[in-house]
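All of the numbers you see were taken from the coordinates with simple rules; none came from a lab. Because the structure is a prediction, the values reported are computed rather than measured. Don't worry about glycine lacking a Cβ; one is built from the backbone with ideal geometry, like all the others, and counts go over all protein chains shown.
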Amino acid sequence: MDPVQTIVHQDGVLIIGAGLAGLSAALAVAKEGRRVLVVSPVTLGTGCASSWAQGGMAVALGADDTPELHAEDTLEAGAGLSDPEAVRVLTTEGPEAVRRLLGLGAPFDRDAQGTLVQSLEAAHSRPRVARVGGDGAGAAIMAAVIASVRGEPMIEVWENGQALSLLSDTSGAVRGALIQCGEDRIEVTAHAVILATGGIGGLYATTTDPAEVRGQGLALAALVGAVIVDPEFVQFHPTAIDVGLDPAPLATEALRGEGATLIDAGGQPFMKRYHPQGDLAPRDVVARAVAAEQARGGAWLDARAAIGELFPDEFPAVFRACMAAGLDPRIQPIPVAPAVHYHMGGVWTDLDGGTSVLGLYAAGECASTGVHGANRLASNSLLEAAVFGTRAGKAAASELRSGDAALLSAEPAPSLPHAALQRLRKAMDLGAGVTRDAPSLTRLISEIDALEAEYGRALELIAARLVAEAALARTHSRGAHFRRDFPELGAVRHTLRTLTTRPALMAAE
Ligand code: SIN
């Protein structure tokens, strides 16, 4: 192992990851008057899924909407595995989160009367997705938040840092992290650490997520014994634009909210054959239907009549992505395929982002707050990042453990070479895709074993194994986890896993 070159004592909180959850947490820590160091692998605003979010932020603001109705839809989508209290927190604190972002300058779309415009997305009973510039919510919200972060003297940002391991004290509490910063290895000690590393899309070959997002937070947390919940629940977006790009650009669900239709190889709408809600059926149902139609000859999103000439103004990001691929969505249907888009599973947290390990917090996609259950409702993720990121920051800021206790040396995880990562990504697509079964998952686990034997226990392999083993052990279908060999709904239970003991499956209501 290369020697640690520097030790930095951070008299405050260390945040690993800089999407909306990490930066919301940073602003909350600073507001409490504590110092905070944010470590991002790349320049703020890049390399995180938050900046790429198209739909927007689901929040009950309309005259005919309430947080209770939003909660009902969220619980319904979660297929029995959402925690009602976490959902209540999300939906009741949602309006305040949007007001906070407006205060930071996030330019949410308004109509001529100045009212926020809200779109309809699948499985929402009301139009409730607050959007920005049509389909540019993530980038615009992040720009406003980044400007605030850069102007906050209590926040320091490193923009080329990767966490290699977490540092614990002799009691097991997390007290910092070993960071690779360019050529340097730096031990950063802190009163508390917040993981906000995003999801696992980069572990798959077909994803809408940035390549930087590869389940690192999940693995880092697991390595210090944190409880991981439901890692088998991976959400596939049904309408990634299928033009051979990696990552795949997204065609937002709001297009279907505006009337765009999924059509088959014969040009016929097909969703009514799969679900009474047709094109606005729950996301997992639409993803499986699109996968089935792909196998029969292809699936396309036809927005010619519903959007047509309005495309450049109403959905500029989708329009640009299509035109860059030589496809004019005003006059041509868009070829689509399901792609990994979100991880519902994650590091278990309480309502304030606290994990099962002292000193360690998690927020955003790498966390499992209990909101999303087996299937996330569209546009609940930016909201969760803002609401629970802020709560985690506030809670972590109250940690006052002194920064100089003896630390257990942490062995950094080996890195996975590019070619090996590509092998893993292909194996994940084949083994733990939209539909899975025992043979596909067993083959995937054998490939992870082989990669681990060759390259060691890289963070990506730990995260992939958590997904694959939990998917193999859940011998029924629920939400986004669909087993070809066990298509029936089974008991409502969570998967809880830790790495320090034998993986255990435990029942939970
Ligand atoms: C979309 O715009 O379709 C994505 C929204 C989301 O995944 O929450």
*asked:* I need the fraction of alpha carbon pairs in region 397-484 separated by more than 17 Å, rounded to a whole percent.
replied: 55
*DSSP bridge orientation in the chain - percent antiparallel, rounded to nearest 5*: 60
*Quick one: Karplus J couplings for region 460-474, per residue in order, coefficients 6.51, -1.76, 1.60, θ = phi - 60°, nearest Hz, x for Gly and Pro?*
4, 6, 5, 5, 4, 5, 4, 5, 5, 5, 5, 5, 5, 6, 8
_Packing-based exposure ordering (other Cβ within 10 Å, fewest first) of 418, 70_ = 418, 70
*Quick one: order 197, 115 by neighbouring beta-carbon count within 10 Å, fewest to most.*
115, 197
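Please compute the Kirkwood hydrodynamic radius over the chain, one decimal place, Å, based on all pairs of different Cα atoms.
Numbers: mean 1/r = 0.0442 Å⁻¹.
This gives a value of 22.6 Å.
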*asked:* Placing unit charges on C-beta atoms (Lys and Arg positive, Asp and Glu negative, everything else neutral), compute the dipole magnitude of the chain about its Cα centre in debye, rounded to 20.
replied: 420
*Given H placed 1.01 Å from N in the peptide plane, which residues other than close sequence neighbours of residue 242 have an amide H under 5 Å from its amide H?*
336, 337
_Give me a comma-separated list of calculated 3J(HN,Hα) values for region 133-141, in order, Karplus coefficients 6.51, -1.76, 1.60 applied at θ = phi - 60°, integers in Hz, x for any Gly or Pro._
x, x, 10, x, 4, x, 5, 6, 5
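Order these by the 10 Å Cβ neighbour count, fewest first: 322, 366. All intermediate terms of the calculation are to be shown ahead of the outcome.
Values: 322 23, 366 32.
Going from sparsest to densest Cβ surroundings: 322, 366.
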*Any idea how far the Cα center of region 1-58 sits from the one of region 250-276, in Å?*
38
_For residue 109, distant residues with modelled amide H under 5 Å away_ = 117, 131, 132, 133
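How large is the dipole of region 293-374 about the Cα centre if only Lys and Arg carry +1 and Asp and Glu carry -1, each at its Cβ, rounded to the nearest 20 debye? Before the final figure, lay out the partial values.
On the way: 4 positive and 9 negative charges, 55 e Å.
So the dipole magnitude of region 293-374 works out to roughly 260 debye.
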*Rounded to the nearest 10 degrees, what's the angle between the helix 67-77 long axis and the longest principal axis of the chain, both from Cα atoms, 0 to 90?*
90
*Check residue 164: other-chain or 5+ apart residues with amide H under 5 Å from its amide H, H built from backbone geometry?*
178, 179, 180
*How big is the Rg/Rh ratio for region 159-237, C-alpha atoms only, Rh by Kirkwood, two decimals?*
1.01
*asked:* Suppose a student asked you for the relative contact order of the chain, using Cα pairs under 8 Å spaced at least 6 residues apart; what percent would you report?
replied: 22
*Approximate shape of region 344-439 as ellipsoid semi-axes (Cα gyration tensor, √5λ), whole Å, largest first*: 30, 23, 11
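State the three equivalent ellipsoid semi-axes of region 205-308, derived from the C-alpha gyration tensor as the square roots of 5 times its eigenvalues, in descending order and whole Å. Please report the intermediate quantities before stating the final value.
On the way: eigenvalues 194, 47, 31 Å².
Semi-axis lengths for region 205-308 are 31, 15, 13 Å.
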_For the chain, calculated [θ]222 nm from helices alone, where every DSSP H run of n ≥ 4 adds -39500 (n - 2.57)_ = -10000 deg cm²/dmol
*Rel. contact order, % - alpha carbon contacts under 8 angstrom, at least six apart, region 166-222*: 23
*Crossing angle, helix 438-455 versus the chain [Cα axis fit, 0-90 degrees, rounded to tens]*: 40
*For region 426-431, just list the computed ³J(HN,Hα) in residue order, Karplus coefficients 6.51, -1.76 and 1.60, θ = phi - 60°, integers in Hz, with x standing in for Gly and Pro.*
5, 5, 5, 4, 6, x
*What's the angle, to the nearest 10 degrees (0 to 90), between helix 381-397's Cα axis and the longest principal axis of the chain?*
20
*So what is Rg over Rh here for region 239-383, counting just Cα atoms and using Kirkwood for Rh?*
1.05
*For region 1-137, max minus min Cα coordinate along each principal axis, in Å, sorted largest first?*
59, 38, 29
